[in-house]
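Peer 1: Got a structure for you, questions after.
Quick note: the coordinates plus some simple rules give every number you see, no bench work behind them. Small disclaimer: the values here were computed from a predicted structure and weren't measured. Positions of Cβ are generated from backbone atoms using ideal geometry, with glycine treated the same way; all protein chains shown enter the neighbour counts.
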Amino acid sequence: METETIETKEVKKVETEKIIISQADLDLNAFCEIENKRNLNHVRVTQKFSEASDGKMMVRITECETKADDYPQIEEGTGVKEVLIPSETARKTKLPKSHISPIDRKACLSRTSDDTVFMSFTDLENKSSVSIPYEEEIHWPDTDRVFPEKTDYQHLAVDARLLDKLCKYVIKHHNDYDSVPSLHIYFHRTKSDQVVEFNFDMQKNRNGAALLMPLNIDKE
C-alpha cells in the first residue's frame, strides 16, 4: 500500500508593529470636534495613516517615515493596530526636538501586557511616557467611505501661504449678515493654464474676487 507524503509549511505569526508618530500627527487635534461629538474628540492613529475630523472637515495624513525598528525602546510592550488619542492629550503633548532624525519630534505607540497603551518619546537624554486611556464605548466612523476613489478628478495645486493670506482677509472683512465667512471656488480653463478664482462677500454689500495661479505640478 502506497502512502502519500504531505509537506507542511510552517506558518509564521505576523506580529503587529509598534506605531511611530510625529508632532504632525498630534497636531491633527486642531481638526477635532471638541464639544458635541465625543467619538470625534480624538486623533485616530493607524499603521497606515492618522486622521481627525470635526464632522464637517476631515484631515488624513500618511504614516510617519520612521520605522519602529529605528526608534529606541523606552517601554516594554507589543505593537498596536490603531490608537485613539484624546484631543486634549494630543494638544498638550509637545515632542522633543533632536538632531537625530528618527527621534526628532517623534513618539512610539506600544501596548503593555495589561493592555495599557503608552506614547513614549525621548531626546536620548530624557525619556517620557504618556498613557492613552482606552474608551470601549468610542466607535470611530467608517472614514474610508468618505474619501472618493481617485479615478475621475482634476488635480490643481495652489500656494497654501497665499490661500492663508486670503482666508485671513475674508474672515476679517466678511459680510456681517453671513454667519460663516465663505469662499466660492471656480476653475477657469485658459489657453495657457487653469486659473483658480475665489469669490467672497464683504461688509457694506461689497464683494470680492481673487485669482490664484496653480503651482506647477507633474501630470498624473
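Peer 1: For a quick check: sort Phe121, Phe198 by the number of other beta carbons within 10 angstrom, fewest at the front. Before the final figure, lay out each step's value.
Peer 2: Values: Phe121 24, Phe198 19.
The fewest-first ordering by Cβ neighbours comes to Phe198, Phe121.
Peer 1: Taking a cut-off of 20 Å, what percent of all Cα-Cα pairs in region 19-145 are separated by more than that?
Peer 2: Numbers: 3180 of 8001 pairs.
Result: 40 percent of Cα pairs exceed 20 Å.
Peer 1: Rg over Rh of the chain, using C-alpha atoms and the Kirkwood radius, what does it come to?
Peer 2: 1.11
Peer 1: In degrees between 0 and 90, to the nearest 10, how far off the longest principal axis of the chain does helix 160-173 point, with axes built from Cα atoms?
Peer 2: 50
Peer 1: Report the charge-dipole magnitude of the chain in Debye, nearest 20, computed about the Cα centre from +1 at each Lys and Arg Cβ and -1 at each Asp and Glu Cβ.
Peer 2: Details: 31 positive and 41 negative charges, 269 e Å.
Charge dipole, the chain, about its Cα centre: 1300 debye, nearest 20.
Peer 1: Fewest first, what order do Glu197, Glu35 take by the number of other Cβ atoms within 10 Å?
Peer 2: Values: Glu197 14, Glu35 7.
The most exposed by this proxy come first: Glu35, Glu197.
Peer 1: Which ³J(HN,Hα) values, rounded to whole Hz and listed in residue order, are derived for region 141-147 from phi using the Karplus coefficients 6.51, -1.76 and 1.60 in 6.51 cos²θ - 1.76 cosθ + 1.60 with θ = phi - 60°, glycine and proline given as x?
Peer 2: Per-residue couplings from phi come out as x, 6, 6, 4, 6, 7, 6 Hz.
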